[in-house]
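Below is one structure, written out as C-alpha cells, with a few remarks after it.
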Amino acid sequence: MSNVEVVEEMVEMIVAQRAYEANSKGIQTADDLLRIANGIKR
C-alpha cells in the first residue's frame, strides 16, 4: 500500500511538471510575439 502512495505522488509530480512546462512555453511564445510586435512598431 505504501508503494501505491509513492507512485501516485510521482504521477502527480510529472503532471505538475508538464503543466509548468506548458505554461512556460506559452509565456515564452507570448514574449516572442510581443518582441516581434515591438519591432514592427518601431
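Miscellaneous remarks
- Solvent-accessible surface of the chain, taken per residue with a 1.4 Å probe and all protein chains present: 100 Å².
- Taking only protein heavy atoms and a 1.4 Å probe, the accessible area of the chain is 61% carbon and sulfur.
- Cα-based radius of gyration of the chain once divided by 2.2 N^0.38 Å, which approximates compact folds: 2.01
- In the chain, the DSSP-assigned H stretches of four residues or longer account for a calculated mean residue ellipticity at 222 nm of -35000 deg cm²/dmol, using -39500 (n - 2.57) per stretch and the full residue count as denominator.
The values are calculated or read from the model by the stated rules, or taken from the named source; none is laboratory data. Every value quoted in this text rests on a predicted model; they were computed, and no experiment measured them. Protein only, heavy atoms only, side chains kept; ligands, DNA and RNA dropped before computing areas. Shrake-Rupley method; radii C 1.70, N 1.55, O 1.52, S 1.80 Å.
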